[in-house]
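J.: I am attaching a structure below and will ask some questions about it afterwards.
The values are calculated or read from the model by the stated rules, or taken from the named source; none is laboratory data. Every value quoted in this text rests on a predicted model; they were computed, and no experiment measured them. Heads up, the Cβs are rebuilt from the backbone with ideal geometry, glycines too, and the neighbour counts pull from every protein chain shown. What goes into the accessible areas is simple: the full protein's heavy atoms, side chains included, and nothing from ligands, DNA or RNA. Shrake-Rupley method; radii C 1.70, N 1.55, O 1.52, S 1.80 Å.
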Amino acid sequence: MEFLRSLAEYLEPNEEFDIQTAGFTKCRFPVLAKRYVVRDGEVLHADLSSPDLIDE
């Protein structure tokens, strides 16, 4: 998360950086999915495997 926080200083005002990732291991485990959004100097994240809202 420190890396993403350091990227925040390079973003223009009202610009955001959005990373989404998903994966699994040999189909033995449920899909793991995450989303990270860098916006207004903050890093927000969510577990896309659940219906929870994005939070810091």
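J.: For segment 2-16, give me each residue that is open to solvent by 80 Å² or more (accessible area, probe 1.4 Å) and either of a type in the set (S, T, N, Q) or under 9 Å from the mean Cα position of the chain (by Cα) (or both).
T.: N14
So that you can scan it fast, the table gives a plain yes or no per residue for (1) on the phi < 0 side of the Ramachandran plot; (2) of a type in the set (S, T, Y):
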| position | (1), (2) |
| --- | --- |
| Y10 | yes, yes |
| E16 | yes, no |
| Y36 | yes, yes |
| D40 | no, no |
| V43 | yes, no |
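J.: Could I ask something else about it? Restricting to segment 27-56, count the residues that are at pLDDT 70 or above, surrounded by 10 or more Cβ atoms within 10 Å (Cβ to Cβ) and assigned to a loop (DSSP other than H, G, I, E, B).
T.: First, pick out the residues of segment 27-56 that are at pLDDT 70 or above: 30-49.
Those left that are additionally surrounded by 10 or more Cβ atoms within 10 Å (Cβ to Cβ): 31-40, 42-49.
Narrowing further to those that are assigned to a loop (DSSP other than H, G, I, E, B): 31, 40, 48-49.
Total meeting the criteria: 4.
J.: A further question on this structure: Considering only residues that are exposed (fewer than 10 other Cβ atoms within 10 Å of the Cβ) and not hydroxyl-bearing (S, T, Y), look in segment 17-26 and name the one that is farthest from G41 (Cα to Cα).
T.: K26
J.: Okay, moving on. So which pairs qualify, if the first residue must be in segment 3-26 and part of a loop (DSSP other than H, G, I, E, B), the second must be loosely packed, with under 12 Cβ neighbours inside 10 Å, the Cβ gap must be under 8 Å, and the two must be at least 6 apart or on different chains?
T.: E9/G41; F24/P30; F24/V31
J.: Further question on the same structure: Taking segment 27-51 only, how many residues are free of Cβ contacts under 8 Å to residues at least 12 places away in the same chain and of a type in the set (A, V, I, L, M, F, W, C)?
T.: Count: 2.
J.: Just the residues that are within 8 Å of the chain's Cα centre (by Cα) and of a type in the set (F, W, Y), please, taken from segment 17-51.
T.: Y36 - this is the single residue of segment 17-51 that is within 8 Å of the chain's Cα centre (by Cα) and of a type in the set (F, W, Y).
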